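Q: Quick one: structure below, then a few questions.
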Amino acid sequence: MGLFQFIHEHIQIIYLVILMIFVGIELISHVPSVLHTPLMSGANAIHGVVIIGAIIVMGQAEETLHLILGFIAVVLGTLNVVGGFVVTDRMLEMFKKKK
């Protein structure tokens, strides 16, 4: 199964993902900047579900492409979760009283 065949078979899902990206960008652009950090922290914590899903996909992968996509999803999901915790930690440091 080549890449072009994979794209041809899953073209509707690819269109749906692209549409979700544009809808997400449009929704986030209208959120006040004060709420960006708490929303981002919550979203990153929820992103842990994506990591679990990617690990399940990797466990059931029968083809190399599925395994590679699952691995990429795990790496990107992990970066997102860790980045969310770092941003949340920095945000909480801003509210601590200085001695």
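The values are calculated or read from the model by the stated rules, or taken from the named source; none is laboratory data. In this text the structure is predicted, and so the values were computed from the model without any measurement. All Cβ positions, even for glycine, are placed from backbone atoms using ideal geometry, and neighbour counts span all protein chains on display. The protein model used for the area step is the full one, side chains on, heavy atoms only, and it has no ligands, DNA or RNA in it. Shrake-Rupley method; radii C 1.70, N 1.55, O 1.52, S 1.80 Å.
Q: Of all the residues that make up region 56-99, how many are in contact with a helix residue (DSSP H, G or I) (Cβ under 6 Å, 6 or more places away or on another chain) and not in a helix (DSSP H, G or I)?
A: Residues flagged as in contact with a helix residue (DSSP H, G or I) (Cβ under 6 Å, 6 or more places away or on another chain) and not in a helix (DSSP H, G or I) within region 56-99 amount to 1.
Q: Here are the criteria: (1) at pLDDT 85 or above; (2) within 18 Å of A43 (Cβ to Cβ); (3) open to solvent by less than 90 Å² (accessible area, probe 1.4 Å). Tell me which single one L67 does not satisfy.
A: (2)
Q: When residues of region 15-64 are filtered for being more than 16 Å from the chain's Cα centre (by Cα), modelled with pLDDT of 85 or more, open to solvent by less than 60 Å² (accessible area, probe 1.4 Å) and of a type outside the set (G, A, S), how many remain?
A: The qualifying residues number 1.
Q: So which pairs qualify, if the first residue must be in region 44-67 and within 23 Å of E9 (Cα to Cα), the second must be aromatic (F, W, Y) and open to solvent by 60 Å² or more (accessible area, probe 1.4 Å), the Cβ gap must be under 7 Å, and the two must be at least 6 apart or on different chains?
A: M58/F71
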